[in-house]
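First the structure, in the form of C-alpha cells, and then the observations on it.
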Amino acid sequence: ILRGSVARPHLKPYMASLQLDGQHVCGGFLIAEQWVLSAAHCTEETDGKLFQVLLGAHSLTEPEPHKRLYQVRAQFPHPGSNIHNNKDDLLLLQLEEKAELNADVRVLPFQREDRDVAADTVCEVAGWGTIDHSGTRPDKLHQVERPVISRDVCNHRTRHDGTITQNMMCTDSRRKDTCKGDSGGPLVCDGVAEGVVTAGSRVCGNYKKPAIYTRIAPYAAWIDGVMASADG
Ligand SMILES: O=C(O)c1[nH]c2ccc(F)cc2c1NC(=O)[C@H]1C[C@@H]1c1ccccc1
C-alpha cells in the first residue's frame, strides 16, 4: 500500500497473508470458515506448491494472540484466468480445516448483486504489499482509502485503453495506491467486499494507471459452486 497508514490492529479480521516458506506473497480474505479468496496470478511462480494462509495477523513476524498459519487442502484458480491478462483473476483456497473464528478472525461478506459501484464511492483496501517506490516491505498491515473511478474513465486510451471489462473495476491511483504484494486483497466499500486486487504486474501510484480489481459479484455462482463441490 503506497501512502496509506498502518491499519488499526485486528480491525480487518478477514485479512489473510498467502505465504510460501514463511514469506508473504499475496493478500487474500476469509469468505467462509474454510475458504479464502485471492488472485489467480499469485500462483504463477509457486511451481505447484500450495500456499500457507496466515489469519488473525497484524504483524507478519511478532507473536499475536489469535495469529495462526493454516495449511491449504486445495487451490482453485478460476478456469478463465491466464498469465496474459487480468481476466478472471481469482483464486479460491480451501483450508485444511475450518478457521477458528474469533475477534481477530472473521468472515467478510462479498457483494452478490451484479451492479457497478458508483464512481467517487470511497472504498478501503489493505495489505502487506510494498509501501514505497524503493519496494520496502512492511511488517504490519497497511490500509488506504481510494475513490472508485468509472469504467469509461479507466478505459480511456491514456489509462487502461479499453482493457477493463464489465467484470473489473478501478480506483484512482494518484499517489495513494495498492502495490505489489497487495494483490488478492479485498476492496471494501461500505463493509462489503466488492473487488479483489488484481495481481498482474502494474506500476503503482501513477494516476495514469488506475488500480484494477476483479469485481466479485459476477463470480458469486462460481464461488458458491466450488465451495459446494469440494467436500464442504
Ligand atoms: O502482488 C502482486 O501483484 C503479485 N503478482 C504476482 C504474480 C506472480 C507472483 F509469483 C507473485 C505475484 C505478486 N506478489 C509478489 O510479487 C510479492 C512477493 C512480493 C511482495 C511484495 C511486497 C511485500 C511482500 C512480498
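The values are calculated or read from the model by the stated rules, or taken from the named source; none is laboratory data. Just so we're clear, the structure is a prediction, and the values are computed from it rather than from any experiment. We place every Cβ from the backbone using ideal geometry, glycine too, and count neighbours over all the protein chains shown. When the accessible area is computed, the model is the full protein with side chains, heavy atoms only, and any ligands, DNA or RNA have been set aside. Shrake-Rupley method; radii C 1.70, N 1.55, O 1.52, S 1.80 Å.
Results for (1) under 12 Å from residue 92 (Cβ atoms); (2) modelled with pLDDT under 95; (3) part of a helix (DSSP H, G or I); (4) among the charged types (D, E, K, R), shown as yes or no for each residue.
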{"site": "9", "(1), (2), (3), (4)": "no, no, no, no"}
{"site": "13", "(1), (2), (3), (4)": "no, no, no, no"}
{"site": "19", "(1), (2), (3), (4)": "no, no, no, no"}
{"site": "28", "(1), (2), (3), (4)": "yes, no, no, no"}
{"site": "36", "(1), (2), (3), (4)": "yes, no, no, no"}
{"site": "41", "(1), (2), (3), (4)": "no, no, yes, no"}
{"site": "46", "(1), (2), (3), (4)": "no, yes, no, no"}
{"site": "50", "(1), (2), (3), (4)": "no, no, no, no"}
{"site": "54", "(1), (2), (3), (4)": "no, no, no, no"}
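The set of residues in region 147-201 being part of a loop (DSSP other than H, G, I, E, B), of a type outside the set (A, V, I, L, M, F, W, C) and within 16 Å of the ligand (Cβ to nearest atom) consists of 160, 173, 178, 180, 181, 182, 183, 184, 185, 198, 200, 201.
Against the list (1) in contact with a Gly (Cβ under 8 Å, 6 or more places away or on another chain); (2) of a type outside the set (Ser, Thr, Tyr); (3) under 23 Å from residue 37 (Cβ atoms), the condition residue 155 fails is (3). Between residues in region 22-44 that are among the aromatic types (Phe, Trp, Tyr) and residues that are near the ligand (Cβ under 7 Å from one of its atoms) and open to solvent by 20 Å² or more (accessible area, probe 1.4 Å), which pairs lie under 6 Å by C-beta distance while being six or more apart or on different chains? Pairs that qualify, where the first residue is among the aromatic types (Phe, Trp, Tyr) and the partner is near the ligand (Cβ under 7 Å from one of its atoms) and open to solvent by 20 Å² or more (accessible area, probe 1.4 Å): there are none. Considering only region 151-163, I want to know if a residue exists there that is under 14 Å from the mean Cα position of the chain (by Cα) and buried (at least 22 other Cβ atoms within 10 Å of the Cβ). So far as region 151-163 goes, no, none of its residues is under 14 Å from the mean Cα position of the chain (by Cα) and buried (at least 22 other Cβ atoms within 10 Å of the Cβ).
For residue 211, the conditions (1) within 14 Å of the ligand (Cβ to nearest atom); (2) open to solvent by less than 20 Å² (accessible area, probe 1.4 Å); (3) within 19 Å of residue 80 (Cα to Cα) are fulfilled apart from (3).
Under 8 Å between Cβ atoms, which residue pairs at least 6 apart in sequence (or on different chains) link something in region 88-103 that is part of a loop (DSSP other than H, G, I, E, B) and open to solvent by 40 Å² or more (accessible area, probe 1.4 Å) with a partner that is modelled with pLDDT of 95 or more and of a type in the set (D, E, K, R)? Once the first residue is part of a loop (DSSP other than H, G, I, E, B) and open to solvent by 40 Å² or more (accessible area, probe 1.4 Å) and sits in region 88-103, its partners that are modelled with pLDDT of 95 or more and of a type in the set (D, E, K, R) give 96/73; 98/33; 100/68; 101/33. In region 121-142, of all residues being within 10 Å of the ligand (Cβ to nearest atom) and of a type in the set (S, T, N, Q), the one that is nearest to residue 53 (Cα to Cα) corresponds to 130. Once region 120-139 is narrowed to residues that are among the charged types (D, E, K, R) and in a loop (DSSP other than H, G, I, E, B), the residue that is farthest from the chain's Cα centre (by Cα) is 120.
Take the residues of region 1-51 that are polar (S, T, N, Q) and surrounded by fewer than 20 Cβ atoms within 10 Å (Cβ to Cβ): which is nearest to residue 101 (Cα to Cα)? Result: 34.
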